[in-house]
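Okay, so here's the structure we're looking at.
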Amino acid sequence: MSIASDKLASDVVLMDACGVCSFSDYFVMASGDSGRQLQAIAEEIVHQLKQAGVYPLHREGIAESGWVLLDYGDVIVHIFSEQERQTYRLDEIWHEARLVLRID
């Protein structure tokens, strides 16, 4: 989470999805102001986790689309533009997941 906030992501959220989701234990959601910022956030997360020996199982979306998904199995990271985050409202869809941390 600090990786995203270090790249100036806004509204960074960590949700515990254990018990409400069958395919992942945690969701991280973060917003960025531009495609360039979304790309920088995604690249930094991938880079730092690779240094720790953790590799994504799957990556989906491109920054210019407004949504990048990094699938680490037990943790799924969603990096959104503000518009896409408001459109898909994953925070609301997964409202039963326990909020662990929010960094505004």
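Read the figures in this text as sums done on the coordinates, not as results from a lab. Just so you know, these numbers come straight off a predicted model, no measurement behind them. Neighbour counts run over all protein chains shown; Cβ positions are idealised from the backbone, glycine included.
Assorted remarks:
- Taking the convex hull of the alpha carbon positions in region 2-103 and averaging its projected area over all directions gives 5.8 nm².
- Proximal charge balance of Glu82 [Cβ under 14 Å; K/R count +1, D/E count -1]: -3
- Listing Val68, Val13 from fewest to most neighbouring C-beta atoms within 10 Å gives Val13, Val68.
- Under Karplus coefficients 6.51, -1.76 and 1.60, residue-wise ³J(HN,Hα) of region 99-104 in Hz, glycine/proline x: 6, 8, 7, 10, 10, 7
- Sites matching GluC sites (Glu not before Pro) across region 12-104 that sit in DSSP coil, with at most 10 neighbouring C-beta atoms within 10 Å: Glu96
- Each Cα pair under 8 Å and six or more residues apart adds its sequence gap; the mean of these over the residue count of the chain is a relative contact order of 35 percent.
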